[in-house]
Protein chains: 2
Amino acid sequence: MTANNDVAHDKLIAYFEKRTPLTESDKQLIRKLYTIKKLKKKEFLFRQGEYCKYEGFVTAGAFRLFYTDDKGLEHVLYFAFENWWVGDMASFYEHEPSALNVQALQESELLVIDEQHKEQLYAQIPALEKVFRVITQKHLTVLQKRFLVTVSANAEARFNELIQRCPTIEQLVPQHQIASYLGILPESLSRMKKQIAKREMG
Amino acid sequence: MTANNDVAHDKLIAYFEKRTPLTESDKQLIRKLYTIKKLKKKEFLFRQGEYCKYEGFVTAGAFRLFYTDDKGLEHVLYFAFENWWVGDMASFYEHEPSALNVQALQESELLVIDEQHKEQLYAQIPALEKVFRVITQKHLTVLQKRFLVTVSANAEARFNELIQRCPTIEQLVPQHQIASYLGILPESLSRMKKQIAKREMG
DNA sequence: AAAAAGTCTTAACATACATCAAGGAATTGG
DNA sequence: CCAATTCCTTGATGTATGTTAAGACTTTTT
């Protein structure tokens, strides 16, 4: 285990300790059960149609989770940065082929755990049941908000909502992937931004 | 406590027992902490902007959970029937005004619990932490699927997906609310069904 | 440095669905 | 059982966004 590995595990342990107290042996277990995985830019943690074998905690870099539809269009579900979780629960727990691709946007690092070790983690640190219940609830509320915005607002309002919620996003991911997150084509986003600029000049 | 009350609690206890073993005292606690609530057709459990004070388990009838946008359009997030959960987690746990309305589509009955009693439930029956973690994961995967279908398929494909997944839905809720679930106007759904019928006659 | 791959912009045209308007059918409620 | 709602359908027209095509600019790879 290198010094760098410890930094990654330190981040995860700090994340857990914000949510529940941990003993030293808890921390040792966490270091044992989560393993480091490094991905180069454009590499995939897993692809649509494969099984999501790992749940991942991002310790460095950035990811996008997206679905490719039958016309070949990509739809970004969310971007994940440091301290975010990536995975496909339906696939991880129900052993279904995943509907999602998880791809690194830059050289990135995660801590991953497979289902068996996750169950071991719950068995040995029951307090993490509550932690992950709360995390999952939070994810659900974020997705619900995202869904309601998507169905009720037009592309420009969705764009404004994104910029307000995540002001640095335009520095972090290319514009065509922002379009894909917003549910429009790159051409449409380009057009839209020109319209906005014209209006703000006028 | 009437005989009818016991039926409702029996349903909830049966639901829990499918997921974890319960002692007699667990069951007694569940009967104590969840209380019956009956709603007439069109009554609300809570409205958008109010606080979601109760998480509810539907024991009879049907509900719709919907968001009304700033143009006054209603967007159905989901319909809930027997053995489904209703509520707004963001509001229930974070004490924010709810983004959702929860309305009975018929004379309906639920078992409700407030946050304090929910915490008491977790404290006294820790196994329910896991049960609700898994339930919440399941809700998240269902919502993720719904989101991906919504952004990647056109209205007709979304309609077909709904009918296939829930073949009785057209008998259960009026067509304009199905339109609202699909994210289109009633006029569009009516037109669409005419097109489908014409094509199938052809 | 050159080549290749990826990214952004613009424009003309197409389309799915919204909007507006109106009348008829079905259901509900007094 | 009649009146009042609520619900459904149809048509004409509008609009946000998709589609296709092409060129310019940028970054990565060789």
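The values are calculated or read from the model by the stated rules, or taken from the named source; none is laboratory data. Note that the structure is a prediction, hence the values are computed from the model and not measured. Neighbour counts run over all protein chains shown; Cβ positions are idealised from the backbone, glycine included. SASA here: full protein model, heavy atoms, side chains in, ligands and nucleic acids out. Shrake-Rupley method; radii C 1.70, N 1.55, O 1.52, S 1.80 Å.
Miscellaneous remarks
- Structural descriptor for segment B:69-202: relative contact order 26 percent, calculated from alpha carbon pairs under 8 angstrom and at least 6 residues apart.
- Three-way shape label, segment A:51-202, alpha-carbon gyration tensor, a/c 1.5: prolate
- Gyration tensor verdict on the protein assembly as shown (Cα atoms; rounded if a/c is under 1.5, prolate if a/b is larger than b/c, oblate otherwise): oblate
- Think of it as helices only: each DSSP H run of n ≥ 4 in chain A is worth -39500 (n - 2.57), and spread over all residues that comes to -16000 deg cm²/dmol at 222 nm.
- Among A:S180, A:S152, A:S188, residue whose mean-square fluctuation peaks in a GNM of chain A (springs only between Cα atoms under 10 Å): A:S152
- Distant-in-sequence amide H partners of A:C52 (H built 1.01 Å from N, under 5 Å): A:F92, A:S98
- Distances, shortest first, from the label point of B:L185 to those at the same position in the other copies read 2.5 nm; the point lies 7 Å along Cα to C-beta.
- Residue-wise HN-Hα coupling along segment B:79-95, computed from phi with Karplus coefficients 6.51, -1.76, 1.60 (Hz; x: Gly, Pro): 9, 10, 10, 3, 6, 9, 9, 10, x, 9, 4, 4, 6, 4, 9, 9, 6
- Pseudo-label separations to other copies for A:I196 - Cα-to-Cβ vector, 7 Å, nm: 3.7
- Mean projected area of the Cα convex hull of segment A:3-125, taken over all directions, amounts to 7.6 nm².
- Solvent-accessible area per residue, Å², over segment B:1-140 with all protein chains present [probe radius 1.4 Å]: 47
- Trypsin sites (Lys or Arg not before Pro) within segment A:9-106: DSSP coil, no more than 10 neighbouring Cβ in 10 Å: A:K18, A:K40, A:K42, A:K71
- Chain A: most fluctuating residue of A:P186, A:P97, A:P126 per GNM, C-alpha cutoff 10 Å: A:P126
- Helices of chain A meeting both criteria, an alpha-carbon length of 18 angstrom or more along the long axis and an average Kyte-Doolittle score not below -1.0, with helices taken as full DSSP H segments, are A:3-17, A:127-152.
- Shielding score for A:75-88, defined as the mean number of other chain Cβ atoms within 10 Å: 1
- For A:L77, residues with placed amide H under 5 Å, excluding near neighbours: A:L65, A:F66, A:Y67
- Teacher prompt: B:N160 distances to equivalent labels in other copies, 7 Å Cα→Cβ, nm: 3.7
- Charge dipole magnitude, Cβ of K and R +1, D and E -1 - segment A:3-125, Cα centre, debye nearest 20: 360
- Most mobile listed residue (A:Q28, A:Q171, A:Q116) in chain A, GNM with C-alpha springs under 10 Å: A:Q171
- For the protein assembly as shown, the dipole from Cβ point charges (+1 on Lys and Arg, -1 on Asp and Glu) about the Cα centre works out to 840 debye, to the nearest 20.
- Mean partner shielding of peptide B:90-102, defined as the number of other chain Cβ atoms within 10 Å of each residue Cβ, is 2.
- Residue-averaged beta-carbon neighbours from other chains (10 angstrom radius) around B:122-132: 3
- Among the GluC sites (Glu not before Pro) in segment A:12-47, those located in a DSSP loop and surrounded by at most 16 other Cβ atoms within 10 Å of their own Cβ are A:E43.
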